[in-house]
Amino acid sequence: MQRRTRGAAFLGGLREAGYVEGQNIDIVYRYADGQYERLPALAADLIRNNVTAIFAGGPPAAQAARAATATIPIVFTSTDPVKSGLVTSLNRPGGNLTGVAFFALALGMLRELVPNAVTIGMLVNPKLPDTAATVADGQAAARAGGLEPQILYASDDSELEAAFADMKQRRIDALVVVSDIFFDSRRDKLAVLAARHAIPAIYPWRDYVMAGGLMSYGTSITDGYRQAGNYIARILKGAQPNDLPVVQPAKFELVINLQAATALGLSVPLTLQAAADEVIE
């Protein structure tokens, strides 16, 4: 469902610029499904297919694509493309990459829902290329808000289970799930684990809440994929990646699941409900 929704948004961005799959554009699809070790081979396969441009859905895919080619234009999505090392600056990306920046870390929203939280967990995939920077930013944001951060790492199903089992011992009051394609592919499992261990969690995208998660706050990912499709279209028409500034977040979504809140014994403030773009009852 998630792949179809994002794919439809990407195709919508192409269509806005006059490109329709199967009519005047052919698209070669390759998916790693969160298995980052497969990315170099998939990128090499795309190069062998003589593609005109590459859309890479996240920093690991963009890094693999860049390692495979210095000439084919690459459009990425990333929460912080400068810290990921994908571009030299947002306004002048440099090289053959540009894309869409996302924002997906909202401790303030979680603190409003769980006001007595003292220790906040951050679930991070250690295989992400910008893990160190993500952890440092999260720790700084937590401490600035008077919270004690605890970092939990997971890159496969067994590590996810272990991370949640470890939360009670660490006395973690609430959890932030950091944006990652592997976590996206396990959103149903994450929602189940959070409910089983009674951990209030905030996620980066709406998809997690639709799968039963408590709440999400971040850039509209479907709008970001639409913008990425639009950038691919501009490149196909002759634009150079270095002349296309990285798109900054403009549309944010707050989604709250009242059923999940009730199951956790949480009362969602009316002010927070009023601020939400969507409330699932």
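At a glance:
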{"quantity": "Cut-off 12 Å between beta-carbons: net charge of the residues surrounding Val87, Lys and Arg +1, Asp and Glu -1", "calculated": "+2"}
{"quantity": "Max mean-square fluctuation residue, GNM over the chain, Cα-Cα springs under 10 Å, options Gly12, Gly146, Gly94", "calculated": "Gly146"}
{"quantity": "Percentage relative contact order, the chain, counting C-alpha pairs under 8 Å, at least six apart", "calculated": "23 percent"}
{"quantity": "Sequence-separation-based contact order of region 187-281, relative, with Cα cut under 8 Å and 6+ spacing, percent", "calculated": "28 percent"}
{"quantity": "In nm, spacing of pseudo-spin labels at Gln273 and Lys83 (7 Å Cα→C-beta vector)", "calculated": "3.5 nm"}
{"quantity": "Cβ-placed point charges (K, R +1; D, E -1), dipole of region 1-115 about Cα centre in debye, nearest 20", "calculated": "80 debye"}
{"quantity": "Most mobile of Pro269, Pro204, Pro245 in a GNM of the chain (Cα contacts under 10 Å)", "calculated": "Pro269"}
{"quantity": "Alpha-carbon centroids, region 1-49 and region 81-147: separation in whole Å", "calculated": "26 Å"}
{"quantity": "Using alpha-carbon coordinates, inclination of helix 39-48 to the longest axis of the chain, degrees", "calculated": "20 degrees"}
{"quantity": "Difference of contour (0.36 nm per residue) and Cα-Cα distance, Asn50 to Val20", "calculated": "8.9 nm"}
{"quantity": "Under the Debye formula (equal points on every Cα, no solvent term), log10 I(q)/I(0) of region 83-242 at q = 0.17, 0.18, 0.19 Å⁻¹", "calculated": "-1.01, -1.10, -1.19"}
{"quantity": "Virtual spin-label span in nm between Ala263 and Gln35, 7 Å along Cα→Cβ", "calculated": "3.0 nm"}
{"quantity": "Choice from Ala56, Ala117, Ala162 showing the highest fluctuation, given a GNM over the chain with Cα pairs closer than 10 Å", "calculated": "Ala162"}
{"quantity": "Normalised convex hull volume, region 155-281, alpha-carbon set, Å³ per residue", "calculated": "128 Å³"}
{"quantity": "Asn116-Arg4 FRET efficiency (beta carbon distance; Förster radius 35 Å; 0.05 resolution)", "calculated": "0.35"}
{"quantity": "The chain: angle of helix 221-236 to the longest principal axis, Cα-based, in degrees nearest 10", "calculated": "10 degrees"}
{"quantity": "Alpha carbon convex hull of region 218-281, projected area averaged over orientations, nm²", "calculated": "5.6 nm²"}
{"quantity": "Length added when fully stretched, Arg171-Arg92, from 0.36 nm per residue minus Cα-Cα", "calculated": "24.0 nm"}
{"quantity": "Folded to 0 to 90 degrees: helix 157-170 orientation relative to the chain principal axis, Cα", "calculated": "30 degrees"}
{"quantity": "For region 115-164, the spread of Cα positions along each principal axis, largest first, Å", "calculated": "31, 23, 11"}
{"quantity": "Share of carbon and sulfur in the accessible heavy-atom surface of the chain [1.4 Å probe, %]", "calculated": "51 percent"}
{"quantity": "Helix-only mean residue ellipticity at 222 nm for the chain, each DSSP H run of n ≥ 4 adding -39500 (n - 2.57), per residue, nearest 500", "calculated": "-12500 deg cm²/dmol"}
{"quantity": "Dimensionless Rg over Rh [region 66-141; C-alpha; Kirkwood]", "calculated": "1.08"}
{"quantity": "Rounded to 5, percent antiparallel among DSSP beta bridges of the chain", "calculated": "15 percent"}
{"quantity": "Cα-Cα pairs of the chain separated by more than 31 Å (percent)", "calculated": "28 percent"}
{"quantity": "Charge-dipole axis of the chain as Lys and Arg at +1 and Asp and Glu at -1 on Cβ define it, positive-most pick from Ile54, Gly12, Leu270", "calculated": "Ile54"}
{"quantity": "Descending Cα extents along the principal axes, region 122-209, whole Å", "calculated": "31, 29, 24"}
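The values are calculated or read from the model by the stated rules, or taken from the named source; none is laboratory data. All figures in this text were calculated on a predicted structure; none of them were measured in a lab. Ideal geometry is used to build each Cβ from the backbone, glycine not excepted, and the neighbour counts take in all protein chains shown. These accessible areas exclude ligands, DNA and RNA; they are computed on the full protein's heavy atoms, side chains included. Shrake-Rupley method; radii C 1.70, N 1.55, O 1.52, S 1.80 Å.
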